[in-house]
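The values are calculated or read from the model by the stated rules, or taken from the named source; none is laboratory data. Since the model is a prediction, treat every value here as computed from it, not as a measurement. A quick note on method: Cβ atoms are made from the backbone with ideal geometry, for glycine too, and the neighbour counts reach across all protein chains shown.
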Amino acid sequence: MNEVKPNSIQAWLLAARPKTLAGAVTPVILGTALAYAAGHFQWFPALICLLFASLMQIAANFINDLFDYLKGTDREDRLGPERACSQGWISPKAMKWGIIITITLACILGCTLLLYAGWELIMVGLLCVVFAFCYTTGPYPLSYNGWGDLLVIVFFGFVPVGGTYYVQALGWSIEVTIASLICGLIVDTLLVVNNYRDRDEDAKSGKRTIIVRMGERFGSYLYLALGVAASVLCLTFIPQKGVIIMVVTLIYLILHISTWRKMIKIHSGKKLNSILGESSRNMLLLSVMLSAAIAFC
């Protein structure tokens, strides 16, 4: 990579990690498809949900970048994408301001949703902010103690899918619950790949992810199980949507198993970053296909 000037636009773009925004966009697409199918689609709250989710994802990336640096977790042997603070691209002071500004913008945008739904959204928004910090910081950082996977299912599944649907339809349904769980499971495949790749470095740094606790073999089968479980849940839409759901599920399952086979073959090292890219592709493909099937079939 060419030299990055400190605190430059390029540095901030790298720190924002735009490739991770797929995990923020996916639940909003799915929640909007559910609202459309129920006859409650509204473009403005859907757009605000998309912007809020994206800004909170960027804020979480900034928070992780800063506090992993302060903790000394970003070691020289890091296998994942380079971090801005540890590389000297952004100073810790500037990163703190970046976090404040990004979260403030997200909250201002989120408040416009009060025009469509109740004050309970404020509590949901506050929880998103609190857990963005608790994931990496505080006396009991959740990602360092094996809670990351559960948080992904909640904050990349139930909160954004259900929240996006709720601000448009002002309700909930069993389909929303199932879609939220599907989304949380497939987004969690990204976290599992990260933790699988970083298992040795995390153990050295005292980061007790579930894969550090349970071992490499468990991590590989956890990745497989997440995709299989999501596929089984997709099949519950067959009574309403018919054979198209079977086709969507089969395509995703074939891709997921193929990616899993590659992951266990690579086993370790930076080459696992390619599995991260494939997992993101699989996740986006399933979300788009499932959303289209729900909304238009």
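Does Ile254 fit the bill of being under 17 Å from Glu278 (Cβ atoms) and loosely packed, with under 14 Cβ neighbours inside 10 Å?
Against the criterion (under 17 Å from Glu278 (Cβ atoms) and loosely packed, with under 14 Cβ neighbours inside 10 Å), Ile254 qualifies.
Do we have any residue at all in region 208-222 that's in a helix (DSSP H, G or I), touching a residue at least 60 places away in the same chain (Cβ under 8 Å), surrounded by fewer than 18 Cβ atoms within 10 Å (Cβ to Cβ) and over 20 Å from the mean Cα position of the chain (by Cα)?
yes
Examine region 69-82 for a residue that is at pLDDT 90 or above, within 20 Å of Ser143 (Cα to Cα) and not in a helix (DSSP H, G or I), and state whether such a residue exists.
Checking region 69-82: not a single residue is at pLDDT 90 or above, within 20 Å of Ser143 (Cα to Cα) and not in a helix (DSSP H, G or I).
When you scan region 265-276, do you find a residue that is touching an Asp or Glu at 6+ places or on another chain (Cβ under 9 Å), farther than 19 Å from Thr26 by Cβ, not in a helix (DSSP H, G or I) and not polar (S, T, N, Q), even just one?
Yes, because at least one residue in region 265-276 is touching an Asp or Glu at 6+ places or on another chain (Cβ under 9 Å), farther than 19 Å from Thr26 by Cβ, not in a helix (DSSP H, G or I) and not polar (S, T, N, Q).
Within region 116-140, take every residue that is in contact (Cβ under 8 Å) with a residue 24 or more places away in the chain and over 12 Å from Gly163 (Cα atoms) and give me the one that is surrounded by the most Cβ atoms within 10 Å (Cβ to Cβ).
Only one residue fits best here, namely Ala132.
Going through region 9-45 one residue at a time, which ones are among the hydroxyl-bearing types (Ser, Thr, Tyr) and either in contact with a Leu (Cβ under 9 Å, 6 or more places away or on another chain) or modelled with pLDDT under 90 (or both)?
Thr20, Thr26, Thr32, listed by residue number.
Can you tell me which condition Cys49 does not meet? The list is (1) at pLDDT 95 or above; (2) assigned to a loop (DSSP other than H, G, I, E, B), and all the others hold.
Here Cys49 meets the rest and fails (2).
Given the conditions (1) at pLDDT 95 or above; (2) within 21 Å of Asp68 (Cβ to Cβ), which single one is not true for Glu278?
Result: Glu278 passes all but (2).
Kindly indicate whether Thr189 is closer than 30 Å to Ile266 by Cα and outside any helix (DSSP H, G or I).
Considered against the rule, which asks whether it is closer than 30 Å to Ile266 by Cα and outside any helix (DSSP H, G or I), Thr189 comes out as no.
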